[in-house]
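Contents: one structure, followed by commentary.
The values are calculated or read from the model by the stated rules, or taken from the named source; none is laboratory data. Because the structure is a prediction, the values reported are computed rather than measured. Every residue, glycine among them, receives a Cβ derived from its backbone with ideal geometry; neighbour counts consider all protein chains shown. For the accessible areas, the whole protein counts, side chains as well, though only heavy atoms, and no ligand, DNA or RNA atoms are used. Shrake-Rupley method; radii C 1.70, N 1.55, O 1.52, S 1.80 Å.
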Amino acid sequence: MKPEMQVFFFAITLSALPVVSNFMGAMLAEALPLSKRTLGLALHAVAGVLLAIVATELIPNVMIAKPAWATILALFLGGAFFVWVNQLLNVSRNRLHGVDHNTVSWVIFLSMAIDLFGDGLMIGTSLTISPHLGVMLASARVVAHIPEGFVTNAEFKSQKMPRTERFLLLIAFIIPVWLGATLGYWGLRGQADLPKLIVLAFTTGTLLVAIVEEIIPEAHQTQDTNWSMLTFIGSFALSMLFSSYLE
C-alpha cells in the first residue's frame, strides 16, 4: 500500500473516534433519567468544551495566517453559513419526516454534524502536517464529544423521537466526519499553509455562532444553578488541561 493511502486510512480511523465517543455520550442519555437539570449541566459542559477548543486550538492557528484578512473573512463566512442553514431549518422543520420536532433539537444536531465535519477537516488537514498534530486533535475531540453526544440524544429523546430514529441519526454522524477527513487530506495535501488555515477559520466561525446563539441560550432555558456555571468553567479548564498535556 502506498504511504499516502496508509496515512489516509489512519485519518479515517482517527476521525471515527469522536463519533464513537459521541455515541457513548448518547448511551449515557439513554441510561440516565432525563431532567432539565441534567440536560442543563450537559449543555453547559458542551459549551465549555467547544469554547476551549475554539479559544486554545482554532483561533491561535487561524491568527497566524498571512494575510490575516483571508482567515478573518473565512471565519465570518463560516458563521454566516451556519445562520443560513439555521434559517433554512426553521422554514422546513414541519417537513422533516412529517414530524413537528423542536427546532432547537435539530439545530443542536446540525451543530454537532458541522462540528464533526470540522473535526474531520482538522484531522485530515493536520495529518498533512504531522501525525502528532492529528493524534493530538483527535484525542482532544474524543473527550469533547461525550457530553455533546449526551445532549444531542437527550434533546431528541425529550421530543419523543423513536429510539430507532435517534440511533440512525447518531450513526449518521460518521458521514460528515469521514467526508471532512477525506476533503481535508486529499484536498489540502501538498498545499501551502494559507488554504489549510482558511478551512480551519471557516469551521471556527460555524462553531462560534452555534455556541453563542444556540447552545448557551438553550442551556439557560433549563434549571440554571451554581453547579451549571461550575460545570461550564470546569469543562473549559479540563479541556485546556487535556490539550496542553497532548502537546
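Worth a mention:
- Of everything in segment 157-173 that is assigned to a helix (DSSP H, G or I) and open to solvent by 40 Å² or more (accessible area, probe 1.4 Å), the residue that is nearest to Ser21 (Cα to Cα) is Ile171.
- Selection from segment 164-216 of residues that are modelled with pLDDT under 90 and polar (S, T, N, Q): Thr164, Gln191, Thr203, Thr204, Thr206
- Selection count, segment 213-235, where residues are over 23 Å from Val177 (Cβ atoms) and either in a loop (DSSP other than H, G, I, E, B) or hydrophobic (A, V, I, L, M, F, W, C) (or both): 12
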